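As structure tokens, the structure follows; a few thoughts come after it.
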Amino acid sequence: MTKEQKKLGIFIVLLGVLAATSLMGYRSNEPTTAAAVQTPAAKTSANPPSPSDARILLELVEKDAQGKENIGDRNLFQYRQAPPPPPVSRSPVQALPGAAIAMQPTPMTTQAPTPRLPAQPVQPPIPLKYQGFASTNGSARGFTAFLADDARHYNVTVGEVLMGRYRIASITDKSVEVEDLENSRRQTLPLLN
């Protein structure tokens, strides 16, 4: 065999491999025929669906509560109203036949429900921390408190207003009483150790 014949043989083998690969790729991309697709038979479940089941029950969608079809007349995304419960009869105990028992219904007393007061909104705590104090020379001023929030530090005395909102009501060596002027409430800040 000459070199040219070997090259020709390899070329023919490669063409065969290419043809086989192309044929297999074409067959895998072919759409399935209708005869090959089998639809499973509809099965009804003995267990009703749970409230969190996210299936559409076509028998409920196609017909309304009276059993008549009203396709397109209802909003499918609105829950159907539950039927009202049957009236409960509050009759006295049934007398046995032949027994002459006169039963008078006893009046039922019910307490009126107590009206609920609207819940007051929970107000956030005052965002200041009492970090320390200093005693001033004059007895008229008392203490100077060192307060801090997340961004700044403040040196305050009794009666000062911080950030236009918090007034310092009193300062002791153990706590500072701060009044929130917007919400009309007071909070005591303990000294941090």
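The values are calculated or read from the model by the stated rules, or taken from the named source; none is laboratory data. The structure presented is a predicted model; accordingly, all values stated were derived computationally and were not measured. Positions of Cβ are generated from backbone atoms using ideal geometry, with glycine treated the same way; all protein chains shown enter the neighbour counts.
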Exercise. Does ALA134 qualify as being within 21 Å of GLN123 (Cα to Cα), of a type in the set (A, V, I, L, M), part of a strand (DSSP E or B) and more than 39 Å from the chain's Cα centre (by Cα)?
Worked result: no
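Every residue, every condition in (1) exposed (fewer than 10 other Cβ atoms within 10 Å of the Cβ); (2) modelled with pLDDT under 90; (3) not in a loop (DSSP other than H, G, I, E, B), yes or no:
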| residue | (1), (2), (3) |
| --- | --- |
| ALA145 | no, no, yes |
| ASN155 | no, no, yes |
| VAL158 | no, no, no |
| ILE168 | no, no, yes |
| GLU177 | no, no, yes |
| ASN183 | no, yes, no |
| ARG186 | no, no, yes |
| PRO190 | no, no, yes |
| ASN193 | yes, yes, no |
Problem set entry | Residue in the range 26-49 that is modelled with the lowest pLDDT, counting only those that are assigned to a helix (DSSP H, G or I) and either surrounded by 10 or more Cβ atoms within 10 Å (Cβ to Cβ) or of a type in the set (S, T, N, Q) (or both) | ASN29
Exercise. Pairs, please: C-beta under 7 Å, at least 6 apart or cross-chain, first residue farther than 17 Å from LYS129 by Cβ and in the range 169-184, second of a type in the set (Lys, Arg) and surrounded by 14 or more Cβ atoms within 10 Å (Cβ to Cβ)?
Worked result: LEU181/ARG167
